[in-house]
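Values in this text are rule-based calculations from the coordinates and carry no lab data. Since the structure is predicted, the reported quantities are computational estimates derived from the model, not experimental observations. Please note: Cβ atoms are built from the backbone with ideal geometry, for glycine as well, and neighbour counts cover all protein chains shown.
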Amino acid sequence: MRHLIDFGDVSREEWEVLYQRASDIMDAPERFLDACRGKVMASLFYEPSTRTNFSFQTAMLRVGGTVFGFADPKSSSVSKGETLKDTITMVSGYADVVVMRNPREGAAKAASLYSAVPVINAGDGGHMHPTQTTADLTTITRLRGKVDGLSVGLCGDLKNGRTVHSLIKAMAKFQGIKFFLIAPRELAVPEYMRAFMRENNMWFTEVTGLESVIPQLDVLYMTRIQRERFVDPLEYERNKGVYVLTRRKLARAKQDLLVMHPLPRVDEISIDVDDDPRAVYFEQARYGMFARMALLTDLANQPRRKPEPVEIGRGPVCSNPNCVTQTELYLPPLTKQNGGVECCAFCDAPLR
Amino acid sequence: MRHLIDFGDVSREEWEVLYQRASDIMDAPERFLDACRGKVMASLFYEPSTRTNFSFQTAMLRVGGTVFGFADPKSSSVSKGETLKDTITMVSGYADVVVMRNPREGAAKAASLYSAVPVINAGDGGHMHPTQTTADLTTITRLRGKVDGLSVGLCGDLKNGRTVHSLIKAMAKFQGIKFFLIAPRELAVPEYMRAFMRENNMWFTEVTGLESVIPQLDVLYMTRIQRERFVDPLEYERNKGVYVLTRRKLARAKQDLLVMHPLPRVDEISIDVDDDPRAVYFEQARYGMFARMALLTDLANQPRRKPEPVEIGRGPVCSNPNCVTQTELYLPPLTKQNGGVECCAFCDAPLR
Amino acid sequence: MRHLIDFGDVSREEWEVLYQRASDIMDAPERFLDACRGKVMASLFYEPSTRTNFSFQTAMLRVGGTVFGFADPKSSSVSKGETLKDTITMVSGYADVVVMRNPREGAAKAASLYSAVPVINAGDGGHMHPTQTTADLTTITRLRGKVDGLSVGLCGDLKNGRTVHSLIKAMAKFQGIKFFLIAPRELAVPEYMRAFMRENNMWFTEVTGLESVIPQLDVLYMTRIQRERFVDPLEYERNKGVYVLTRRKLARAKQDLLVMHPLPRVDEISIDVDDDPRAVYFEQARYGMFARMALLTDLANQPRRKPEPVEIGRGPVCSNPNCVTQTELYLPPLTKQNGGVECCAFCDAPLR
């Protein structure tokens, strides 16, 4: 692995190696205190994301590395009057690894073309957030010993949730997963995700209530439902209570259920659930830090490598208005095949 | 000591141990370069306070630890849409010690309930700022060899000054202190502080002029008088010169007087005093850093400990509008006895 | 060297020592991983300058030191209600070296008067930016083996460019430099710079076109031309293309030419030049980091020294409205001789 842009690019074998290292770190963190000694991480947050930022920073510090960067583009002059290419070229001259959060889809892929050091995608708009997925898988593997064969409930807004889609895609690397997709009809999983699950022979069922399926679950992954996502506000009011996890609903769940949440939680998990041993959402954040330690230990120690020259583009070939190619006009016209469809190699949107 | 929320919770013995460590650090800082190796401090400043923030950061760095956090909530998304409980639970999963500044009274106490690691109060509204007190006592002890038996002048706004009240309370742990309380009548020390000094058999006198008492002082603690504190602006104009320390007023003081100030100074100490060897207010800031090094060396090395579950509250029992319980509604209804009066255990305000 | 305020204060011998250390660091960076162990750099950016800030931070981290400070005065309370003297006195109590960027001319010199530790000028308004010059000279020396005897083209806005003026002055320490000053008439080098070059027996010629002289150059230093600098916008439109470096113009240049730029580049260098091996502007940023590592290795390891008392001024003697003495009224009335003219010792403006 040179960069981590999309968890889909990580093979099962690469994942096993990464998890094993995370597991070693959790068992004996003191052995890794100098793993990134002398290495410097650039942390470029073109939009604030305090949790992700803190997790990466503490991960790097705990393996003996150091950190610089910005948490908010408003307090930086980097984003003004300079291309992403120039910023990344400069920053990758100072750093050993670059962590980037950017509101534009495909920005991390674009950065990786010009960087002399590995780039880690810490979220590129609504597109990918691969280290959230590594946090999720690390939590499940650490606490259940495996991912294969689990019954996983995904609850909340399954239409818009990037986290949930990434997790589904990542689970395709494992065997015997059963998905219980728990969402109001308006916020059901999109058709292309259903197609993805069918193509990958993944078992799934869609339901509109949490209570009936909760006894069958090994993992319950909660996500937030935002009022703004509903066309009809009354529909939101009718629905919201159904998707709130309470101590009472938890009574009928398995004793070794894992209740997970990408955080921040608003009110979709009642506060009285927090003290239940099955509530692992805060441990999940901590496991995310260990997973990032494992990742950085690998990537920050790779040798610098002058990037290969790339073609200079003449404007976007992709029509996704949030794609990075819409603003960084020099990007090369790269495409890729996703399931037989020609797509933008940056944001994965299908090309006309 | 697990947390440092209120200097009143620190016994004389604990203070002696802390000071001894600070003193050891000042004598041989190179011996402490790895005292917090591998440890990470979270620095959560919900309101900016650059001096306190810098002092804590450099303290942690000088004992070999590392730092992450935010200096200003505007550049963080943490304060939005998340309870203090959730933020602290998450952050204490990443950190070994949490330093928090928060505009709400009792916020540090609240944080300590949910933190898996020690919490240090770096100021909670107008309530407490215990490490300012440790800075003050470290300065006096280092430069005079002791605190017992000193004549201490407190000058300026003694009505509103949190720093001054904390120092008076802390001095109750020592013997034979004489206080000279130097303030305009409008800004005299509040009655409850007088009661505190009487209960603790502390000698004090109140005067409205600095010049007459300055020859008797071992320590002169200056604070700022803000125009806004006066009901009558003319009263401010009449008064302000009286409480300004000048080179001329200093002429009649003892040769080993310590002139102290919590900084920033505005014009209550004339700039020509700075070069006088008795002016130790900048050394005081540096001693504050050493005191914080001693504190962090202890607290950042304590083992993680899952916090005990606490009762979920149903809204505030305290009517102080600045109390943290007014905004964090799930906090438990904790109370305590202060001198026989039932008070809020977070902000110390008397209940009804 | 105690402080680095103005590259003009650095002797040729001091420069050679500094460059040699930078060169040693580039050859074997792992030998310097602990060169600043236990040392702390204060990074005070009173105006944002992300590139300079990143370069200093990563430099300090790569020699084993640590960093605190602010990147933007808006997120700091330091700049409010406190003199520069008080801020620097406090900060130099926490730090081992202070790096300061400040919009006021002479601010770094002012800070150095009150600091117990070395001060490095990271830019003081339009006045000086000495570490940009060290970056430039390090790049040339590293890539060409020497500075003496080179033919150097300076292209763009030579009237307002602080970088270019500093480089010309620095080059006076070397032998046999030939300057090709390439600028529109409106933005030609100022008369006092011409006088400086004549006094120092430096060869120079002024031209208005880049293409005709490019074959003669060993170094081509590009700078940005801002539309706002032109009295007549049409003049800008007529001119701009002439001073844009393209792949085509580069065809006639020497094979070992160095194309340099202080960054950020806007459109004065065409993007298709980036892959040409002669384009070294991004390497230049990286060499700047190594030069700063060398500088910090020296200055951060110097012993603390209580600053000598200085006279308290009674208002500015200098009439430059951007001079630091206009706002910091206590500064002493220091003057110096520049080429026989009495000047302000802070901002170098001639008096009266």
Per-residue HN-Hα couplings for segment A:326-335 [Karplus 6.51, -1.76, 1.60; θ = phi - 60°; Hz; x = Gly/Pro]: 6, 10, 9, 6, 7, 5, x, x, 7, 10
Averaged over peptide C:55-64, how many Cβ atoms belonging to another chain are found within 10 Å of each residue's Cβ? 4
Label points for residue A:237 built 7 Å along Cα→Cβ; distances to same position in the other copies, nm, shortest first, come to 6.0, 6.0
The answer for residue C:104, listing residues at least 5 apart or on another chain whose modeled amide H is closer than 5 Å to its amide H, is C:125
Sorted by chain and then number, the residues having a modelled amide H within less than 5 Å of the amide H of residue C:338, at least 5 places away or on another chain, are C:343
Along Cα-to-Cβ, 7 Å out, sits the label point; list in nm, shortest first, how far the one on residue C:199 is from those in the other copies. 7.3, 7.3
Say the dipole of segment C:153-280 comes from +1 at the beta carbon of Lys and Arg and -1 at that of Asp and Glu; which of C:215, C:187, C:200 then lies farthest toward its positive end? C:200
Can you give the relative contact order of chain C as a percent, counting alpha carbon pairs under 8 Å and 6+ residues apart? 19 percent
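What does the helix-only formula give at 222 nm for the protein assembly as shown: each DSSP H stretch with n ≥ 4 adding -39500 (n - 2.57), the total divided by the residues, and the result rounded to the nearest 500 deg cm²/dmol? Mind showing how you got there, number by number?
Values: 30 runs with 336 residues, N = 1056.
Taking each H run of at least 4 residues, the total per residue is -9500 deg cm²/dmol.
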Whole-Hz Karplus ³J(HN,Hα) for segment B:187-204, in order, using 6.51 cos²θ - 1.76 cosθ + 1.60 and θ = phi - 60°, x for Gly and Pro? 10, 5, 4, x, 4, 5, 6, 4, 4, 4, 5, 5, 4, 9, 6, 9, 6, 8
Could you work out how far helix B:84-94 tilts from the main Cα principal axis of chain B, as a 0 to 90 degree angle to the nearest 10? 80 degrees
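Is the shape of segment C:131-277 best called rounded, prolate or oblate, per the rule: a/c under 1.5 gives rounded, else a/b larger than b/c gives prolate, else oblate, with a ≥ b ≥ c the square roots of the Cα gyration tensor eigenvalues?
oblate
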Once amide hydrogens are built 1.01 Å from N within the peptide plane, the residues lying 5 or more places from residue C:224 or on another chain with amide H under 5 Å from its amide H are C:157
Other protein chain Cβ atoms within 10 Å, averaged over every residue that makes up B:262-273: 3
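Quick one: putting +1 on the C-beta of Lys and Arg, -1 on the C-beta of Asp and Glu, what dipole do you get for segment B:131-277 around its Cα centre, in Debye to the nearest 20?
340 debye
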Of C:125, C:209, C:81, the most mobile residue in a GNM of chain C (C-alpha springs, cutoff 10 Å) is C:81
Using a Gaussian network model of chain C with C-alpha springs under 10 Å, which one of C:334, C:217, C:187 is most mobile by mean-square fluctuation? C:334
Label model pair residue C:194, residue A:312: point-to-point distance (7 angstrom along the Cα→beta-carbon line) in nm is 3.6 nm
Least to most buried among C:26, C:171 (fewest other Cβ within 10 Å first): C:26, C:171
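When ranked by the protection proxy of mean other Cβ atoms within 10 Å per residue, highest first, what sequence do the peptides A:242-249, B:91-98 form? Walk me through the numbers on the way to the answer.
On the way: A:242-249: 16.6, B:91-98: 26.4.
Those peptides, ordered most packed to least, come out B:91-98, A:242-249.
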Below 16 Å, Cα to Cα, which lysines can residue B:74 reach? Residues fewer than 8 away in the same chain don't count. A:74, C:74
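With a cut-off of at most 11 other beta carbons within 10 Å, and DSSP calling the residue loop, which trypsin sites (Lys or Arg not before Pro) in segment B:78-115 qualify? Please list them. Intermediate values should be presented prior to the final figure.
Numbers: sites: B:80, B:85, B:101, B:104, B:109; in loops: B:80, B:104.
The qualifying sites are B:80.
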For residue C:24 and residue C:205 in one chain, what is 0.36 nm times their gap in residues minus the Cα-Cα distance, to one decimal in nm? 61.6 nm
Between residue C:229 and residue B:216, what is the label-point separation in nm under the 7 Å Cα-to-beta-carbon projection? 6.9 nm
Using the basic label-point model (7 angstrom from Cα toward the beta carbon), what is the residue C:305 to residue C:33 distance in nanometres? 3.3 nm
Which angle from 0 to 90°, rounded to the nearest 10, does the C-alpha axis of helix A:162-171 make with the longest principal axis of chain A? 90 degrees
Can you tell me the orientation of helix C:50-62 relative to chain C, as the angle in degrees between its alpha-carbon axis and the longest Cα principal axis, to the nearest 10? 70 degrees
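Calculate the mean, over all residues of peptide C:299-312, of how many other protein chain Cβ atoms lie within 10 angstrom of the residue's Cβ.
Numbers: counts 0, 0, 0, 0, 0, 1, 0, 1, 1, 1, 4, 1, 0, 5.
Counting other chains' Cβ atoms within 10 Å and averaging over C:299-312 gives 1.
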Free-by-geometry Cys in the protein assembly as shown, Cβ-Cβ under 4.7 Å as pairing rule, reported as A:36, A:155, A:343, B:36, B:155, B:343, C:36, C:155, C:343
Along Cα-to-Cβ, 7 Å out, sits the label point; list in nm, shortest first, how far the one on residue C:313 is from those in the other copies. 5.3, 5.3
Note, ³J(HN,Hα) from phi for segment A:276-285, Karplus 6.51, -1.76, 1.60, rounded to Hz, x at Gly and Pro: 6, x, 7, 7, 10, 5, 7, 4, 3, 4
So how far, in whole Å, is the C-alpha centre of segment A:82-114 from the one of segment B:154-218? 58 Å
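Given charges of +1 on the Cβ of Lys and Arg and -1 on the Cβ of Asp and Glu, with all other atoms neutral, how large is the dipole of chain C about its Cα centre, in debye to the nearest 20? It would help to have the intermediate numbers written out before the result.
Working: 45 positive and 43 negative charges, 27 e Å.
Value, rounded to 20: 120 debye.
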